[in-house]
Each structure stands twice: as structure tokens, then as C-alpha cells.
1. Looking at region 263-303, which of its residues are β-branched (Val, Ile, Thr) and either at positive phi or within 12 Å of the ligand (Cβ to nearest atom) (or both)?
2. Would you mind finding the one in 154, 84 that is among the aromatic types (Phe, Trp, Tyr) and within 20 Å of the chain's Cα centre (by Cα)?
3. Kindly indicate the residue of region 18-38 that is more than 23 Å from residue 197 (Cα to Cα) and not polar (S, T, N, Q) and also farthest from the ligand (Cβ to nearest atom) among those meeting that condition.
4. Would you say residue 106 is under 30 Å from residue 27 (Cβ atoms) and small (Gly, Ala, Ser)?
5. Residues of region 225-252 being polar (S, T, N, Q), out of contact with any Phe, Trp or Tyr (no Cβ under 6 Å at 6 or more places or on another chain) and either farther than 19 Å from residue 181 by Cβ or away from the ligand (no atom under 12 Å from the Cβ) (or both), which ones?
6. For region 206-243, enumerate the residues that are of a type outside the set (Lys, Arg), within 26 Å of residue 302 (Cα to Cα) and touching a helix residue (DSSP H, G or I) at 6+ places or on another chain (Cβ under 8 Å).
7. Only one of (1) polar (S, T, N, Q); (2) more than 24 Å from residue 35 (Cβ to Cβ); (3) at pLDDT 95 or above is not met by residue 123, so which one is it?
8. Could you check residue 117 against (1) within 14 Å of the chain's Cα centre (by Cα); (2) not in a helix (DSSP H, G or I) and say which number it fails?
Amino acid sequence: MMHKSMLHAVGNTPLVKVNFKTPASIYAKLEYFNPSGSMKDRSALYMIETAEKEGLLRPGGTIIDASSGNHGIAVAMIGQLKGYKVIITVSEKISQEKLQTIQAYGAQVIMCPSTAFIEDPKSYHSQAVALQKKTPNSFMPNQYFNVVNAQGHYNSLGPELWKQTNGKITHFFAGAGTGGTVSGTGKYLKEKNPTIKIIAIDAANSLYSTKGNPKPYKVEGIGIDFDSEVLNHNIIDEIIPVSDGNALPMLKILSVNHGMLAGPSSGAVAYAVEQYTKNLKPTDCAVMIFGDSGRAYLTKNYY
Ligand SMILES: Cc1ncc(COP(=O)(O)O)c(C=O)c1O
């Protein structure tokens, strides 16, 4: 298939069977095949184009946002291609590879301390909000609090999975950071078939899973660390916490045994799926989202 630009190459990623020793069929949706390397291309593109349509983003403008990495990478690629200036605030937890990728697409990066609470004025989110307020003609996609994030997945990942599985999907698993992927995709799938189970994977040390006593964790991208409408609890049937200790050893298994060099959040999702699907039926069809590639984490020696 020929594409007019990188923006038209977003989506249509492979859905590949994974032979976990469970009765059900398990498929990995390899979102690292997106142009900037993660499913965030879908939500970032939708948020930016919605802002353009609504007049919130005008020619010559600046896009500013907070990101744990992949959203920033997607915004950098898309924003620069569309001719905007892009500034991304990141937390010091970010991998060197992700930081340099944002810069490689031409965006400016502002490093912020890793804080336990997003409301902390020093957090990457608070610093992006403050910068956007003082920058003329600027727009903040605000992935953590803008429900358009989830709508991006509702319009893109949801229909794609429904089509790719010929409507046979029975269980959907995705990591939750903002909650956009699991909520948006889950909403579409539930509208098609209300019996589909929607399962979110959280970092075990997050604010949500520790019931208000968050501790540091290594897995990047997932972790429910604040309340936001983007994470739609009405859609999600279950939230499964996974520790670093269970998520990270999955990465080597995925790369060596399954040929899938995936990122840490995929390790967390795969661990939860392997446990959960032991009890499923042979007629069940589970799909798990592999959000990004292990290429961005090679220096962390997880593999
Ligand atoms: C690799 C990876 N997996 C999962 C997630 C979580 O996705 P969402 O923010 O849509 O919940 C993210 C978010 O940044 C991510 O980068």
C-alpha cells in the first residue's frame, strides 16, 4: 500500500498470534509498527487534527505537552511534519533513547523531576500547563485530561481490531497510563459486542493499585497515578496490577521465544494475559496491546 505521508501511514499494524500455553487464541497487536513507534501516533494525530478543526491550533503555533515518552515522540513527529513548534516536558524516568528520539524529530525537551503526585508544581504535567499558559498561540493536547485522547483510539484502534478479528474478539487487554487506549478501544468494542471483556493493566506500585500510597516503579508508560475522565471505569471490567518483578522478565521470553522485541509495558500486559487466559475457553479470542518496541530500552538491559 502506498501512503501520501507519514501521517497517512498511522495504524493498520499487524495482529500476530502468540503461542502461550492456554486453551484460548491469543493475539498481540504490534503497535510498535506505527510510524513513530507506538500506539500514541493514533491518539496524538487525532488530538492535533481535532484542535486544528476547532481552531485551537493555528498556523505558526506551538504544541506543548507532558509525556512519559511515546506521546511526546508522536507529537514531535506529527507536529514538526505539520509545521508547528513542539515542546515536550518529560520526567527524569524517561529512557535516553526516548529523549533523543523526541529531539531527533526536532522538538525541544524540558526535563522535570519524577514526582509521586501529578499536582506537584514541579511535575512534568504541571510544568507543561504553566508553559502553555505563558506561550502565545500554543496548544496543549493534554493527553492525561483530554477525553479526545480516548476518542482517537475509539476511531482508530477499536474499528481496526474489530475488523482484524472478524468480530471474534472476546477479551481486550491494554496497559493503562492515561487510560486512553483501553477506554477508547474498549468503548468501541463494547458497542459492537457488550459481552467483550475489557481489562486494563496497571503498575502495581501506582497511586490506584496501592490505594493512595504510590512507590517508584520501572515499567514506563503504564501506571494510574491520578483521577481523570480519560480512564473510563464504566468501560473497564477489571484492572490488573503487575509488578516490575513480573513484567520485566517477560521481555526476554517475548523476544527469544516469540520474536517480539517489545517494551516494558508489553511485558506487564503479556504477564497479566498469560495468567488470566489460563481459565479461558478454546473459543475465546484475546487481544493484547504491545504499545512500543524494546529498541527504546536496550540500554536498560532488560533483554
Ligand atoms: C508503551 C506504552 N504502553 C502503554 C501506555 C499506556 O497507554 P494509555 O496512555 O493510552 O493508557 C503508554 C502511554 O504512554 C505507553 O507509552
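1. In the first step, residues of region 263-303 are kept if they are β-branched (Val, Ile, Thr); the result is 269, 273, 277, 283, 287, 289, 299.
269, 289 - these are the residues of region 263-303 that are β-branched (Val, Ile, Thr) and either at positive phi or within 12 Å of the ligand (Cβ to nearest atom) (or both).
2. Numbers: 84 fails: within 20 Å of the chain's Cα centre (by Cα).
Step by step, each of 154, 84 is checked, and only 154 is among the aromatic types (Phe, Trp, Tyr) and within 20 Å of the chain's Cα centre (by Cα).
3. Start the filter on region 18-38 by keeping residues that are more than 23 Å from residue 197 (Cα to Cα), which leaves 32-38.
Within this subset, residues satisfying the condition of being not polar (S, T, N, Q) are 32-33, 35, 37.
Working: 32: 9, 33: 13, 35: 15, 37: 9 Å.
For region 18-38, the residue satisfying everything is 35.
4. Working: under 30 Å from residue 27 (Cβ atoms): no; small (Gly, Ala, Ser): yes.
When the stated conditions are applied, residue 106 does not pass them.
5. Step one: list which residues in region 225-252 are polar (S, T, N, Q), which gives 228, 232, 234, 243, 246.
Narrowing the set further to residues that are out of contact with any Phe, Trp or Tyr (no Cβ under 6 Å at 6 or more places or on another chain) leaves 232, 234, 243.
Matches in region 225-252: 234, 243.
6. Within region 206-243, the first condition is being of a type outside the set (Lys, Arg), and the residues that meet it are 206-210, 212-214, 216-217, 219-243.
If we keep only those that are within 26 Å of residue 302 (Cα to Cα) as well, we get 206-210, 214, 216-217, 219-225, 239-243.
Correct list: 217, 219, 220, 221, 222, 240, 242.
7. Failing condition for residue 123: (3).
8. Condition not satisfied by residue 117: (1).
The values are calculated or read from the model by the stated rules, or taken from the named source; none is laboratory data. A quick note: this is a predicted structure, and the numbers were derived from the prediction, not measured. FYI the Cβ positions are ideal-geometry reconstructions off the backbone, even for glycines, and counts take in every protein chain you see.
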